[in-house]
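One structure is given here, and the rest of the page talks about it.
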Amino acid sequence: MSESSAFNPFEAAQAQFDRIADLMGLEANARRLLRSPAHEHHLAVPVRLDSGEIEVFSGFRIQHNDARGPAWGGVRFHPQETVDTVRALAMGATWKTAVADIPLGGSMGGVVCDPHDLSPAEQERVCRSWVRRVARTIGPMRDVPSPDIMASSQHMTWMLDEYEAIVGEHAPGAVTGKSIGAGGSKGRAEATGYGMVYVLREALRERGIEPGATTASLQGFGLVGRHAMDLYTTIGGTVRCVAALDSATGRPISVSRRDGIAVAELLELSDRLGGIDGGRAAERGLVLDDGEAWLAADVDILIPAALEHQITEANVDRVSSRVRLILEGANAPLSEAAEERLAGRGVDVIPDLLANAGGVICSYFEQVQSGMNYYWTQSEVLSKLDLKLTSAYLDVSRFAKAKGLSQRDAAMVLAVDRVADLCRQRGWL
Amino acid sequence: MPVSDGPVEALLASLQERAKELNCLYEVEQILALIDLPPEDTFRRIVEVIPPGWQYPDVCCAVIDIRGQRFQTRPFSPTPWVLAADIQVHDEVVGSLSVWYLEERPPEDIGPFLKEEDRLIRTIAGRLGHSILFHKMHEMRGEWESASRELEAEKEDKWRAPIDLLLRTDRHLYLRIARKMVNHLVSAGVDRAQDLLQEIYGYVAGENDSDPNLPGRSRAINQQILLIGAPFELAVHHLGVDKVLALTRDWIMEDKASFLPKVLTNPRLPLSEVSAAVHRFHHLLADGADLSRATLDGIRVSLIRRFLSDQLSFISVAKQELETADFIGLIDSVLLSESSHGRVGGKSAGLFLAQRIIDRAAARDPELEPVRVPRSWYIASEGLMAFIEHNDLDEVLHQKYREIAQVRQEYPNIIHLFKNSRFPRETVKAASVLMDEVGDNPLIVRSSSLLEDRLGSAFSGKYKSLFLANQGNKNQRMGALLDAIAEVYASVFGPDPIAYRRERGLIDFHEEMAILVQEVVGARVGRFFLPAAAGVAFSSNELRWSPRIRRSDGLLRLVPGLGTRAVDRIADDYPILVVPGQPGLRVNTTIDEVVRYAPRKIDVINLETNRFESLEIGALLREVGTAYPAFEQVFSVVKDDTIRRPVPLMVDPERDELVADFGGLVTSTPFVARVAKMLNLLEAKLGTPVDIEFAFDGRDLYLLQCRPQSFAADDAPAPIPKDVPEEDVLFTARRFVSNGWVPDITHVVYVDPEAYGRLTERSDMLAVGRAVGLLNKLLPKRRFILIGPGRWGSRGDIKLGVNVTYSDINNTAMLVEVARTVGNYVPDLSFGTHFFQDLVESSIRYLPLYPDDDSLLNERLLHRSHNLFGGLLPELERLADVVRVVDIGQAGGGRVLRVLLNSDLDEAIAFLANPEEERGRGQSQPVGRPAGRSDTFWRWRLRMAERIAAEIDAERFGVRALYLIGSTKNATAGPSSDIDLVVHVDGDEGRRRELATWFEGWSLCLGELNYQRTGYATGSLLDVHYVTDEDVAERTSYAAKIGAVTDPAMELAIGGKP
């Protein structure tokens, strides 16, 4: 197979950047600076296995940009990780923090391994070995790792412990995603779901619509979906349809009721992972349907909060003509073609970069609290989140309107501009 | 017996008598145990302790007459009131024991004596006989040795004194040994011995050879030659004095022990006599140290054959591991000792042997503590026949030769009949004794048939095992026990074991069923009784989810509560899988995985309702909380995105999220290491991979079963044919192969790794996942396999594998991952980890292929065959280069794809084969494989489908056409297959609903008929898909099958229409 023709996530990210840079008329130096990561660390991570043998894993830490503040980004364990995926994700983190307007840069890293093949003791040694190799380049004021694929709060706590042992002092802000007792932030479970609804609320206010007069259909009832539904119904909205996996069969289903579903009744029918017991739902008088029925529901708002690529060219025509707004809770739930068709029908899309930024902001809050060694209550966290997201949304929305851009493009332009601006102030450009 | 006022007093008096008798017997044993006491003193003391055991001790006298000597309590004149018993040694009367009343007393069973007293006197006389024999041997050995020592100096004639002594004390024994000596000399090649033989037997060499068909003449034996000591003289000459004396001594000991083999090989002797003989042997010879190895082996083998098994492979292992003493406990636990012959059946025998193996090894290895086995009782195998005879139920014995449908139909009646039959009095008595011993501890009544647990016929789950809460008064508890025994007996005549035996050619075996009654391991928690954990373990791992796991690392399936949920694959729940050799490698590593694949239900015994129940674990914990046995070892707390060991005091079962992941048990106790050691030991000793069942009550580990590792019918290693033409092979694999047979495959879905790698749009990669999900619904269930690049179900980087969830692949028979070398490295495969446990529980095979390394993948075959993809999913036709769907029947000229997996060889092969062809290419039917798939299943379904079509009222229901698709059409239907119908309707909703009701009736009815025929309870049997004019015009949904290029739907003639 020829490498050049295959899908390359970094090339895709660069193409997206190039398009935005063209749109902005960005100068050549700025393009050169932002098109590639600023620092790349390629690591050999030796780990002693339980058997006594040593295995050397590959690892990365790639810092795309730290003009606006310490770099921030995920750490993941994946057996077929490639450097280009890590580069793309590091760049994405830069734009994400910039759109949310938090003083952080963007980075990404991880170890090429499959935790399924490692005992917990070996996983701990992987974490510690990785930290020993990146200790001089990470830190609360340098680069802050947060958990990504297959990394749990346990892994993050091991990493923190190793980092603190190396620097010889407590530094809880060195990583995020820790459990609450270990320096994690309250409100993390709610952050993404609530954040989506803060943004939605502002969008409705702009359009002069009362949330109480709106109906919505939701895909996904995991942590994000259920909190979004919780806050949306609290501010008066009516959820008519929810799609999830059937907890008994694992098949996608939709449950619906025209005059609304209460989050409490669905919680009773669901498992921890967001599955819904379809059989019992039907007994409670909910209408059971196939897994795609949610996008055909007769509602004003669609909230895809599960997987990417759910509304595509193949099914976009099933979307009801009543739908006015799509709130992207998941990453990239719409295909490009579908988005174009919806735009043609006058449907507005609040892009993922903005809609699901609650998680990043909460991770930032964790780092801030850890730095002070003082922790806020849940309501403090959530009200600060509300403030941050509301202003982020208004920035994007006003800019989009003023320049006649889609919110997706507007968000990207704002992000690139904010990063480039700091680079100029620092004299890098 | 004293006159009493009421039944209570009578009972009390009777109990007092029994206590006196037992006490007396105990005193006698105490005296006999003093082996250094001279016999005279022994007898003198014994006559003193006998009278207190009798009803009227003050007028009672005991007398022992032996070898002309008399020992008595006190002098007295004879009276008419006497009870006597002979004292025998080696079946020869050597004296007598008598008990006298000096005054008249009221008449009882035998004069003034009770029948219990009669039994007591016989028992004491018997014990005296043993004791005398023992003393005699003891003396003889002493004299022998001193005689040998004295004569040490006089080399010449030193053998004469001991041999003379032998002749004087026991002439018969002398003669037997003299004959043996002659035989020994002959076999040692001493010429003169031949002559001696002729002199003794008058035998002339070659005399009988002339006419082999004539019986030999019988002659008198010339004993005189033996009596003058000729054989010994000759032997001393050839072998030397020391050798002769040593041989003689050994033979004397063997002769003394010879009664045991005689008893053991006599099948007519009841167990009570065998038991007495084993006890006597043990008493006489302690550990048999003086016997030759051959004699001891002989005795052990006789014991094994009598009680455990006559299977040669079992015997050869057991004789190395078991001592005669081991059998004493076993025999004492066999109920019905009076009439029983004592075979305890396969399950009990396997468990008994395993326990001894572990105990013996534990004596040398402190890490391997002796394993516990729950208290067990046995009802020997002929109990079933006794039950049948007692109730004149002989007709059920022919049940096994009837049609399976009839067997199935009549089985509920047999259960009913058995439960309403009466047990022989002896069984009832035995049950009563058992009830007194066990109290109200819950019991499990398990089958232990002669065929069960033998190598190659595992019978897993074929016969019944029943839990008894065992609560209530004794009558109720006994009733329940007998009821359960009847039900286990009835299961011999059930359709499943009969069908299974027929498949294995075991139908004519005279199956007998022993019963194993065990105490259930566990603890009382609130109203429930349950063990902390239970499960099964396999010494050979057939389910590897990581390349680091070796077969020899074994596998544990652990569940909380009773082990029933671990034994079978369960559709709605998951056991915890642990690899004993590498307990750190867990199949589920992320928190979401741990929670998703944790057990949700638990099996317990409800002591209030007297029932076996399955509960939600959450509900149980809300009720009993941390009182759950070994709570902190079984459960972990999920909190804040972490999984933590619980501190029981801090746990709130109402609010905390608890998950039964056995984190504490696996990481903080030696439990897993112990199981691993046990598995290795048992596999090494038994010479075959084993599987065991165990339970853990929170403190101790109990072994419940041990047998050669068994395989569900489709999990047996398949023979790998070597003579398949290369062009017919689709793939081969040589690494990480599990065992098994995949049903005949009609379709292959191949996601071309190269084409998939070339996709540039993420949306296209996601669409490939969606296409697989749609094909999963369209292709015949479990008749297609999926082959694709890298990691199926990859959620992170979608480039690495097709993004699917379990529900997108749940109908496949097999999942194949292809690892193509990229640059200079071969990427890791997922081993199905994303849905590994789902694959396991639904028997979907997983196989990794390394085509650039050591496997073969015939891409030519896949590429040159017609690709159905575009026809099946026209809306995704652009992906036809990436996803290929091959109809094997079409590509292979009517053949099917056969996939054979053999973990023993670590080899797998998939090749084109004729559907009728015998599996394994003409090799004999392998162990563990049911007979080739019968074509009766699809033929019957086709007939029924045609019937339905003929009966349908097309006008009334608005039916335009009716089609058959799927396994019935493709002639691949198995016993549990649906009948898939596609109905073209006119679109009137009301008529369609009526039609659905009409189909529903057929469906349920056919489901019931199918159950009668096959035993598969599918409920309804029809899977009806409706298509409208619009569908047909646009070829959407199932209408795509109508007139399709390949695998088209087959139209059925409806309601009189041609």
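Please work out which residue is surrounded by the most Cβ atoms within 10 Å (Cβ to Cβ), limiting yourself to region A:31-84 and to residues that are away from chain B (no Cβ under 11 Å) and of a type in the set (Asp, Glu). Only one residue fits best here, namely A:Asp66.
Does B:Val428 meet the test of being in contact (Cβ under 8 Å) with a residue 60 or more places away in the chain and of a type in the set (A, V, I, L, M, F, W, C)? For B:Val428, the condition - in contact (Cβ under 8 Å) with a residue 60 or more places away in the chain and of a type in the set (A, V, I, L, M, F, W, C) - is not met. Looking across region B:754-803, not a single residue is under 22 Å from B:Glu875 (Cα atoms), of a type in the set (D, E, K, R) and away from chain A (no Cβ under 13 Å).
Evaluated against (1) facing chain B (nearest Cβ under 10 Å); (2) assigned to a loop (DSSP other than H, G, I, E, B); (3) more than 30 Å from A:Leu327 (Cβ to Cβ), A:Met141 falls short on exactly one condition, (1).
Taking each residue of region B:114-128 that is surrounded by fewer than 21 Cβ atoms within 10 Å (Cβ to Cβ) and looking for partners that are assigned to a loop (DSSP other than H, G, I, E, B) with beta-carbon atoms closer than 7 Å, six or more apart or interchain, yields B:Leu114/B:Gln55; B:Leu114/B:Glu108; B:Lys115/B:Asp109. Taking region A:101-113 as the range and being more than 18 Å from the chain's Cα centre (by Cα) and either more than 14 Å from chain B (Cβ to nearest Cβ) or surrounded by 22 or more Cβ atoms within 10 Å (Cβ to Cβ) (or both) as the test, the residues that pass are A:Val111, A:Cys113.
Results for (1) in the same structural domain as B:Arg557 (by TED's automatic domain parsing); (2) modelled with pLDDT under 80; (3) out of contact with any Ser or Thr (no Cβ under 8 Å at 6 or more places or on another chain), shown as yes or no for each residue.
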| position | (1), (2), (3) |
| --- | --- |
| B:Arg734 | no, no, no |
| B:Asp744 | no, no, no |
| B:Ala755 | no, no, yes |
| B:Glu761 | no, yes, yes |
| B:Ala771 | no, no, yes |
| B:Asn803 | no, no, no |
| B:Val816 | no, no, yes |
| B:His834 | no, yes, no |
| B:Val840 | no, yes, yes |
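Residue-level analysis places A:Gly193 among those that are in contact with an Asp or Glu (Cβ under 8 Å, 6 or more places away or on another chain), surrounded by 24 or more Cβ atoms within 10 Å (Cβ to Cβ), away from chain B (no Cβ under 12 Å) and within 22 Å of A:Gly275 (Cβ to Cβ).
The one condition from (1) over 18 Å from the mean Cα position of the chain (by Cα); (2) modelled with pLDDT under 90; (3) of a type in the set (A, V, I, L, M) that B:Leu686 does not meet is (1).
Please work out if B:Gly95 is at pLDDT 85 or above, surrounded by 20 or more Cβ atoms within 10 Å (Cβ to Cβ) and either touching a strand residue (DSSP E or B) at 6+ places or on another chain (Cβ under 7 Å) or under 30 Å from B:Asp255 (Cβ atoms) (or both).
In short, yes.
The condition of being among the aliphatic types (A, V, I, L, M) and loosely packed, with under 15 Cβ neighbours inside 10 Å holds for only one of B:Val428, B:Val438, B:Val407, B:Val371, that being B:Val428.
Here is a yes/no grid of residues against (1) β-branched (Val, Ile, Thr); (2) assigned to a strand (DSSP E or B):
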residue	(1), (2)
A:Ile20	yes, no
A:Leu26	no, no
A:Asn29	no, no
A:His42	no, yes
A:Ser51	no, no
A:Arg68	no, no
A:Gly73	no, yes
A:Ala88	no, no
A:Met91	no, no
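Suppose we filter A:Ala88, A:Ala15 for residues that are of a type in the set (A, V, I, L, M, F, W, C), touching a residue at least 12 places away in the same chain (Cβ under 8 Å) and surrounded by fewer than 24 Cβ atoms within 10 Å (Cβ to Cβ); which single one remains?
Exactly one residue qualifies, and that residue is A:Ala88.
Might you let me know whether region A:167-185 holds any residue that is charged (D, E, K, R), within 22 Å of the chain's Cα centre (by Cα), surrounded by fewer than 24 Cβ atoms within 10 Å (Cβ to Cβ) and not in a helix (DSSP H, G or I)? For region A:167-185, residues charged (D, E, K, R), within 22 Å of the chain's Cα centre (by Cα), surrounded by fewer than 24 Cβ atoms within 10 Å (Cβ to Cβ) and not in a helix (DSSP H, G or I): absent. When we screen B:Asp980, B:Asp986 for residues that are surrounded by fewer than 22 Cβ atoms within 10 Å (Cβ to Cβ), at pLDDT 70 or above, closer than 27 Å to B:Ala1040 by Cβ and not assigned by TED's automatic domain parsing to the domain that holds B:Asn739, the only hit is B:Asp986. Of everything listed in (1) buried (at least 18 other Cβ atoms within 10 Å of the Cβ); (2) away from chain A (no Cβ under 14 Å); (3) not hydroxyl-bearing (Ser, Thr, Tyr), the single unmet condition for B:Val638 is (2). If you scan region A:124-138, which residues turn out to be without any contact (Cβ under 8 Å) to a residue 40 or more places away in the chain and either part of a helix (DSSP H, G or I) or in contact with a helix residue (DSSP H, G or I) (Cβ under 6 Å, 6 or more places away or on another chain) (or both)? Matches in region A:124-138: A:Glu124, A:Cys127, A:Arg128, A:Val131, A:Arg132, A:Ala135.
Which residues, taken from region B:14-43, are over 12 Å from B:Ile132 (Cα atoms) and of a type in the set (Phe, Trp, Tyr)? Scanning region B:14-43 gives a single hit, B:Tyr26. Let me confirm something: among A:Leu218, A:Leu200, which residue is crowded, with 24+ Cβ neighbours inside 10 Å, farther than 19 Å from A:Ala296 by Cβ, within 22 Å of the chain's Cα centre (by Cα) and in contact (Cβ under 8 Å) with a residue 40 or more places away in the chain? Of A:Leu218, A:Leu200, the one residue that is crowded, with 24+ Cβ neighbours inside 10 Å, farther than 19 Å from A:Ala296 by Cβ, within 22 Å of the chain's Cα centre (by Cα) and in contact (Cβ under 8 Å) with a residue 40 or more places away in the chain is A:Leu200. Within region B:40-54, the set of residues being of a type outside the set (Phe, Trp, Tyr) and either without any contact (Cβ under 8 Å) to a residue 24 or more places away in the chain or buried (at least 17 other Cβ atoms within 10 Å of the Cβ) (or both) comprises B:Asp41, B:Thr42, B:Arg45, B:Ile46, B:Val47, B:Val49, B:Ile50, B:Pro51, B:Gly53. Based on what the data block shows, is B:Ser1003 modelled with pLDDT of 80 or more, in contact with a Ser or Thr (Cβ under 8 Å, 6 or more places away or on another chain), assigned to a loop (DSSP other than H, G, I, E, B) and among the hydroxyl-bearing types (Ser, Thr, Tyr)? Criteria not met by B:Ser1003.
Mind listing whichever residues of region B:15-36 are under 42 Å from the mean Cα position of the chain (by Cα), touching a residue at least 24 places away in the same chain (Cβ under 8 Å) and closer than 29 Å to B:Gly142 by Cα? Within region B:15-36, just B:Glu29 meets the criteria. Just one of the listed residues (B:Arg527, B:Arg544) is surrounded by fewer than 21 Cβ atoms within 10 Å (Cβ to Cβ) and touching a residue at least 12 places away in the same chain (Cβ under 8 Å), namely B:Arg527.
Looking at region A:350-368, is at least one residue more than 16 Å from A:Ala100 (Cα to Cα) and touching a helix residue (DSSP H, G or I) at 6+ places or on another chain (Cβ under 6 Å)? Within region A:350-368, not a single residue is more than 16 Å from A:Ala100 (Cα to Cα) and touching a helix residue (DSSP H, G or I) at 6+ places or on another chain (Cβ under 6 Å). The number of residues in region A:228-253 being in contact with a strand residue (DSSP E or B) (Cβ under 8 Å, 6 or more places away or on another chain) and within 14 Å of chain B (Cβ to nearest Cβ) comes to 8.
The values are calculated or read from the model by the stated rules, or taken from the named source; none is laboratory data. In this text the structure is predicted, and so the values were computed from the model without any measurement. Glycine gets a Cβ as well: all are built from the backbone with ideal geometry, and neighbour counts include every protein chain shown.
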